[in-house]
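Input: a single structure, listed below in structure tokens.
The values are calculated or read from the model by the stated rules, or taken from the named source; none is laboratory data. Being a predicted model, the structure only gives us computed values, none of them experimental. Note that we place each Cβ from the backbone using ideal geometry, even for glycine, and neighbour counts take in every protein chain shown. To get the accessible areas, we keep the full protein, side chains included, count just its heavy atoms, and leave off ligands, DNA and RNA. Shrake-Rupley method; radii C 1.70, N 1.55, O 1.52, S 1.80 Å.
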Protein chains: 2
Amino acid sequence: MPQSLSPRTANYHIIPPRAPRGALTLIDRHQPGLPEQRMKRIKTAIVGLGKIARDQHIPSIAASDAFELVAVASPHSTLEGVPCFKNIEALLQAVPDVSAIALCTTPQVRYELARRALEQGCHVLLEKPPGATISEVQALVDLAEQKGVALFASWHSRCAPAVEPARAWLATRKISSVSVVWKEDVRVWHPGQHWIWKGGGLGVFDPGINALSILTRIIPGRLLLLEAELSYPSNCETPIAARLLLADSRRTPIRVELDFRQAGPQSWDIDIDTNDGRLSLAMGGSVMRINGQAVATQDSHEYPLLYAHFATLVRERRIDVDLAPFQLVADALMCGRHVTVEPFED
Amino acid sequence: MPQSLSPRTANYHIIPPRAPRGALTLIDRHQPGLPEQRMKRIKTAIVGLGKIARDQHIPSIAASDAFELVAVASPHSTLEGVPCFKNIEALLQAVPDVSAIALCTTPQVRYELARRALEQGCHVLLEKPPGATISEVQALVDLAEQKGVALFASWHSRCAPAVEPARAWLATRKISSVSVVWKEDVRVWHPGQHWIWKGGGLGVFDPGINALSILTRIIPGRLLLLEAELSYPSNCETPIAARLLLADSRRTPIRVELDFRQAGPQSWDIDIDTNDGRLSLAMGGSVMRINGQAVATQDSHEYPLLYAHFATLVRERRIDVDLAPFQLVADALMCGRHVTVEPFED
């Protein structure tokens, strides 16, 4: 019954004019099933109503033809026009037909909520980092497998428009060295986010893991952490800055500088020297240059692309959990030299 | 040609009178091949000539019919009666037919040495912990697979005599709670071992990982770290004490107390309450009691059993790398709350 498709639902089957190509696409041309099944939106709830939920998840769900936001849970905040609950338990009781849950809480509480959602048979999207520990995410994978539902440990920076073109370009070149500079003013980007300074909050690795998620996508093979120097403010449990030395499987040196004490504009830059010149990614993977020449890329649609990929995972009841970026952070925190620096006051 | 077997070589095919049963056995009754092949010893080198090499590895190799010690490498120490080299490079050049290498260095330098040995086509035994990071051990697994050689990330405490009996007993019971107390005087057990206080040295997790290696062997399913409180001396990069809350897949609470500040005798105890009473392991898995009644176990042969298992891995060119204990430590260090305590002076 194609005539029953609303224009918006119909869009679900059309590539948006400027959609990036690559691993993630906004559509699935070959989706099986009847038109009625195709147009059914995935009833979705957001748990955790902080900055990232409001800035990215809510607009992306609103713009998506695959999802509809049916509820939110947050202990202190509400969202106009959507049923709001204090916690996931109340949400699941009041809205038993919720099918997918996007977990936008702080990482420290993500595991218990994800577990509860999976036990209820919901598909789950995890914001980055996917938890406070590696083992708990592995346990979620086990549970999602048992329940036959989708689980997506999302890395939004991997959906930045220059990432897939960079990956393709690098696949046929020999990399000789890599330099990452990821510096931002924590007071601008994480105002009042005290959780970031508590164990499990990752400190400067909270943004730094975005760089690692790009590196682990575009550089072939496994990356290895060789050295780490971690600067801990005397009053914090997590580092405010870090210098890492990584290597790829060919022992190419990869130097990473992370700093939360940047004044002025942020630097989210990756420079990769190869036998064929230098590839530069700037602005968190949004801009690509080869030997200084800009390469045209699509506009940025990180979260819409995440949700498009999540829609595919839900349809196919698949699990997409790549722990490589998180493991590198765990490794740095485990083996790093510590430097104590001045206390941080927000 | 059975008459050519020396009594010692012949023992290789006989269960020693008090050998423990379980996952690891000192023999392989079904080993194929001619007697000449069977009696060939594996030419073995030790790299890193510290306390654990002298206390355990050298006597275990000397007592083994599967291995013979042909060289050692150490920058500062030598061993009488065995060719000694300053480093692994010199050793590999001078003794090109070395077949297996036991890495008994501090964990911080283990990866590069293991990589070099594997690249040379040697089988490798890693002391615990198997490295300074998880990723580097995963990279060693990749390399061992490529080279078709054996790689063994050893956990000596799993060879303690009560471990396999405890595992068997627990397999048919329902566990309700677990308590681990692992406390020792660091000045007695790790005199002058400054590496333990540096990043990658793990601090109190260096002994504590022995308890975790037993727990992850005897409790069915995956263990999860839920909470950690880490006590860092103000002058150290690694914790001197830790309190952990773990859970198994049924959410059974597992409380772990680790402390390096024990005065007097060490406590290496695990108590497990079940629907059928309490199982207690004492003395690091050497002693087993059920409801207070001692259960007879074999004498302790931890390192001989490790080497027997390594011999099997070498023969079959297999990899045995279980990262579960190490991952729990990484998780604790990543998500733990920090407490600063008084400086540690050795």
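If you go through the stretch A:239-250 and pick out every residue that is more than 9 Å from chain B (Cβ to nearest Cβ) and assigned to a loop (DSSP other than H, G, I, E, B), you end up with 4.
Among the residues making up the stretch A:241-267, those that are of a type outside the set (Lys, Arg) and without any contact (Cβ under 8 Å) to a residue 40 or more places away in the chain are A:Leu245, A:Ala247, A:Ser249, A:Pro265. Scanning the stretch A:82-120 for residues that are touching a Cys at 6+ places or on another chain (Cβ under 7 Å) and in a loop (DSSP other than H, G, I, E, B) returns A:Val98, A:Ser99. When the test is whether a residue is in a loop (DSSP other than H, G, I, E, B), within 14 Å of chain A (Cβ to nearest Cβ) and either over 24 Å from A:Ile134 (Cα atoms) or at pLDDT below 95 (or both), B:Arg222 passes it.
State whether one or more residues within the stretch B:305-323 are open to solvent by less than 40 Å² (accessible area, probe 1.4 Å) and within 14 Å of chain A (Cβ to nearest Cβ). Yes, there is a match, as at least one residue in the stretch B:305-323 is open to solvent by less than 40 Å² (accessible area, probe 1.4 Å) and within 14 Å of chain A (Cβ to nearest Cβ). Of the residues B:Ala90, B:Ala94, B:Ala53, which single one is within 23 Å of the chain's Cα centre (by Cα) and among the small types (Gly, Ala, Ser)? After ruling out the rest, the residue left standing is B:Ala53.
Output the residues belonging to the stretch B:251-270 that are surrounded by fewer than 17 Cβ atoms within 10 Å (Cβ to Cβ) and outside any loop (DSSP other than H, G, I, E, B). B:Pro253, B:Arg255, B:Ser267 - these are the residues of the stretch B:251-270 that are surrounded by fewer than 17 Cβ atoms within 10 Å (Cβ to Cβ) and outside any loop (DSSP other than H, G, I, E, B). Just one of the listed residues (B:Asp273, B:Asp248) is open to solvent by 10 Å² or more (accessible area, probe 1.4 Å), under 23 Å from the mean Cα position of the chain (by Cα), outside the structural domain of B:Pro107 (by TED's automatic domain parsing) and not polar (S, T, N, Q), and it is B:Asp248.
None of A:Ala162, A:Ala168 is touching a strand residue (DSSP E or B) at 6+ places or on another chain (Cβ under 9 Å) and either closer than 30 Å to A:Arg317 by Cβ or of a type in the set (A, V, I, L, M, F, W, C) (or both) except A:Ala162.
Residues in the stretch A:208-218 that are in contact with a helix residue (DSSP H, G or I) (Cβ under 7 Å, 6 or more places away or on another chain) and either within 9 Å of chain B (Cβ to nearest Cβ) or open to solvent by less than 10 Å² (accessible area, probe 1.4 Å) (or both) were compared, and the one that is nearest to B:Glu136 (Cα to Cα) is A:Leu212.
Got at least one residue in the stretch B:121-144 being open to solvent by 40 Å² or more (accessible area, probe 1.4 Å), over 29 Å from A:Leu230 (Cα atoms) and either outside any strand (DSSP E or B) or among the aliphatic types (A, V, I, L, M) (or both)? Within the stretch B:121-144, not a single residue is open to solvent by 40 Å² or more (accessible area, probe 1.4 Å), over 29 Å from A:Leu230 (Cα atoms) and either outside any strand (DSSP E or B) or among the aliphatic types (A, V, I, L, M) (or both). Could you list, in sequence order, the residues of the stretch B:276-295 that are in a strand (DSSP E or B) and on the phi > 0 side of the Ramachandran plot? Once the filter is applied, which keeps residues that are in a strand (DSSP E or B) and on the phi > 0 side of the Ramachandran plot, the stretch B:276-295 yields only B:Gly277.
Within the stretch B:333-345, can one find any residue that is in contact (Cβ under 8 Å) with a residue 60 or more places away in the chain, aromatic (Phe, Trp, Tyr) and either in a loop (DSSP other than H, G, I, E, B) or surrounded by fewer than 19 Cβ atoms within 10 Å (Cβ to Cβ) (or both)? Checking the stretch B:333-345: at least one residue is in contact (Cβ under 8 Å) with a residue 60 or more places away in the chain, aromatic (Phe, Trp, Tyr) and either in a loop (DSSP other than H, G, I, E, B) or surrounded by fewer than 19 Cβ atoms within 10 Å (Cβ to Cβ) (or both). For B:Ser300, state whether it is of a type in the set (S, T, N, Q) and free of Cβ contacts under 8 Å to residues at least 40 places away in the same chain. In short, no.
Within the stretch B:158-172, not a single residue is part of a strand (DSSP E or B) and among the aromatic types (Phe, Trp, Tyr). Would you confirm, using the coordinates I've provided, whether A:Trp195 is of a type in the set (Phe, Trp, Tyr) and surrounded by fewer than 18 Cβ atoms within 10 Å (Cβ to Cβ)? Answer is no for this residue.
Among the residues making up the stretch B:90-110, those that are crowded, with 24+ Cβ neighbours inside 10 Å and within 14 Å of chain A (Cβ to nearest Cβ) are B:Pro107, B:Arg110.
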